[in-house]
Every structure is written in C-alpha cells, then in structure tokens.
Amino acid sequence: MTEHIVSSQAYAKAVLHCAKYPWATVHGLFLTEHQDGKTRYVDAIPLAHTWPQLTPMFDVAVQQASIYAQSKQLSIGGYYVAYEDPADVQLSASSALLATALLAAGDRVVAFVIDAQQLTPESTRPGLIPFIGGDSQWKEQPGAFGEGKGS
C-alpha cells in the first residue's frame, strides 16, 4: 500500500479555502509527486466555492491545473471538498462524480473530505478524510494518514 504524505502547504491551502467560505461547499485539487513508493501531496489549487457539479468549467479548471502541474513536474493526485455543513463528512454523489472524472484522467487519485470539526487546536486527528476510488465506488480509508500524525 502506498504511503500518503500531505505537506503543510497543501493542507494549509485547502483548510484556508474552507475557512474563507464557511457558508459554501468548496473544492479543489491536490498536486502530487510520487517517489519511493510514497505519494506526497505538495500543493493545493482551490477551484471553486460555487459549482459543486461536473460542469464544463470544472473541465477547463482541471485542464489548466494539469498544465500548471506538468510545468512543475507534478500531477493531479487528489480532489478535496469541504461542505457547508461541518457535520457532513461523507463523499457526496456529486463530489464522487468530480473525483471519478479525475480518476479517469489518472490512475492515482484520492478524494478527501475536509472534516471541519477536526480543525481546532485541541484536535489530535487529521482534518482530512481520504476516500479511495475503485469498482465505481469511493470508500473511506480510515487511518490512511495515521492518527495524530502531522506532516
């Protein structure tokens, strides 16, 4: 199993995107590098806080992000979403469609739900819940990043 490491920069960008628009569902992409059997999420690209469906705008945004990633010798390896309801920590059907569209373009994509309830100084758990796609279904991977570990 591949080890996943989220950099402070990628985590901070995703969380700050969530914090900037707490009343909206936000989503974005994680850029990754793969080395020594490890996937490192090194940067995040916030996409939107309006359209949570698969649209032509999403396609254009992914194409632009892909061009940028290639210029940095990276790839799109993750999709993140934070819902307007902080208690919502499951990958919705529309978010799963967006993640599946990315999976079709690349073979190593992980979808993350930002758990806003874990974004407190007292929390010892990561604020990202990973979901792995396969068999036309996305399944939560609890403990994929280890409990209480920072990156």
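Taken together, the values in this text are just the output of simple stated rules run on the coordinates, not laboratory data. Everything numeric in this text was worked out from a predicted model, so none of it was measured. Reconstructed Cβ throughout: ideal geometry from the backbone, glycine too, with neighbour counts over all protein chains shown.
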Protection proxy ranking, peptides 19-27, 42-50, 120-128, average beta carbon neighbours within 10 Å, highest first: 42-50, 19-27, 120-128
Gyration tensor verdict on the chain (Cα atoms; rounded if a/c is under 1.5, prolate if a/b is larger than b/c, oblate otherwise): rounded
Taking region 1-126 and dividing mean pair separation by its residue count, relative contact order in percent (alpha carbons under 8 Å, at least six apart): 25
MRE, 222 nm, helices only [DSSP H, n ≥ 4, -39500 (n - 2.57), over the chain, to nearest 500]: -9000 deg cm²/dmol
Additional length obtainable on full extension of the chain from Gln63 to His34, 0.36 nm per residue less Cα span: 8.4 nm
Region 13-89: C-alpha gyration tensor shape, a/c 1.5 cut-off, then a/b vs b/c: oblate
Beta bridge orientation in region 1-47: antiparallel %, DSSP, nearest 5: 65
